[in-house]
Structure formats: C-alpha cells, structure tokens
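Let me begin by presenting the structure, written as structure tokens, before commenting on it.
The values are calculated or read from the model by the stated rules, or taken from the named source; none is laboratory data. Small disclaimer: the values here were computed from a predicted structure and weren't measured. Methodologically, a virtual Cβ is constructed for each residue, glycine included, from the backbone with ideal geometry; neighbour enumeration extends over all protein chains shown.
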Amino acid sequence: MREESSAIRCPRCGARIERSCPEGESIAGSPLQTCPDCGRLYFDDAYAEPVLTAYEAAEVDFPYIKILYALIPTVGTLLYLHSYLRDPRSQHLAVLITFGALAVFFDVLLIIAIGKVIPKAGRKKAFLDALEGRAGELSAELRESLERLSGKDYLDALYKCRVYIPKYFYRRIGAEPPKRQRR
Ligand SMILES: [Zn+2]
C-alpha cells in the first residue's frame, strides 16, 4: 500500500514534520517552509514553486539538430541532381535515389518536429502573457507563487538551496541573475 504522507525532521530543532504527500511526489508551494515547532525557516524539496514547474513544462526545445539532419541530405540531393541533369552519363542514378530517399526521410522527421513545436510555442506564449499580465488569468496558486518569486531575497534564498531558477525570473524584477546556475 502507498503511504499517503511522508515525514521529515526539522533541520533546526529536530521536530518531526508530516507532509501531506506520498514520498517522491511534490507539493505545490514554497520549498521554504516554516517549522510548526520552532517557527524557523527550513528547506523542503518535497515542495516546488508552481510557477517554476509550469515554466519548465512550457519550455520549448527548438529542433536545431533535426534541421541539420534534414539540411545535409537535402543539399546533397540538390547538388547531385544538379550535376546529374547537366551530364547524366557521368553520375549514377542509384546514388541520386539514395540521397533523395534520405532527404525525404529527414525532411519528414523535421516537419513532424516543427508540427510539435508550434503548438508548444503557442502554449508558452499564452503562459508568459498570463504571467506578465498581458492576457489570460493565472490561477490563485500561480499568482501566489509568482508573488513569492517577485522578491530578490526569495530568489536568492531558493538559489542558495540549489533550486534551479531560470534567468527570466531575475530579469523580470530587474535583478542580475547569478553567474553560475546549477541544475
Ligand atoms: Zn524546527
């Protein structure tokens, strides 16, 4: 049977603290929690800032490598086709067909990849628009999270606890992001 909660000890006073989530799952909220026993702040990685989680989920990976994979056989085919048309006897049709088939294969892969990126980029834009108050609405959970993440001290505190914070969150409050980001 799965545990419905997990517990840790306060690193400051040693009190046992129950968390309302199974081990290995994260709770939406600030990872900087206040110990109910001693009232001091401690870091609990069972919690994750909802805005940071949503930001990472909205991240778009542009298919650069697939563009390269598609470009090489496509250019190769075109060059070979060019010389084939000039002088068909000096070239081999089989080479042209092989190049062409490779080009079509990687071009189709690229088109599929771009087809996936476009709606994701749209969702990221909608998320950033809502985050920056241009359009749409943030849920109460995200609003509270964003409010916490709007303080430089809070960002620094999370950073010190090795929480990955995209540079975006420093820039949006006009602060300089730390030089080295750990992931
Ligand atoms: Zn404590």
Selection status of V60, β-branched (V, I, T) and either modelled with pLDDT of 90 or more or within 16 Å of the ligand (Cβ to nearest atom) (or both): no
Test set (1) surrounded by 14 or more Cβ atoms within 10 Å (Cβ to Cβ); (2) under 30 Å from R9 (Cα atoms); (3) basic (K, R) - K66 fails condition number: (2)
Can you name the condition, by its number, that D44 falls short on among (1) at pLDDT 90 or above; (2) more than 23 Å from the chain's Cα centre (by Cα)? (2)
In this structure, is G14 within 12 Å of the ligand (Cβ to nearest atom) and outside any strand (DSSP E or B)? yes
Only residues that are farther than 15 Å from A157 by Cβ, within 10 Å of the ligand (Cβ to nearest atom) and not in a loop (DSSP other than H, G, I, E, B): list them for region 17-47, please. I17
Are there any helices (runs of 4 or more DSSP H) wholly within region 58-165 with 2 or more residues that are touching a Lys or Arg at 6+ places or on another chain (Cβ under 9 Å), and if so which? 93-131, 152-160
Test result for E132, of a type in the set (D, E) and either in contact with a Phe, Trp or Tyr (Cβ under 7 Å, 6 or more places away or on another chain) or surrounded by 14 or more Cβ atoms within 10 Å (Cβ to Cβ) (or both): no
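For (1) of a type outside the set (A, V, I, L, M); (2) in the same structural domain as L32 (by TED's automatic domain parsing); (3) free of Cβ contacts under 8 Å to residues at least 40 places away in the same chain, each residue gets a yes or a no:
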{"position": "T77", "(1), (2), (3)": "yes, no, yes"}
{"position": "L93", "(1), (2), (3)": "no, no, yes"}
{"position": "L96", "(1), (2), (3)": "no, no, yes"}
{"position": "G100", "(1), (2), (3)": "yes, no, yes"}
{"position": "L142", "(1), (2), (3)": "no, no, no"}
{"position": "Y170", "(1), (2), (3)": "yes, no, yes"}
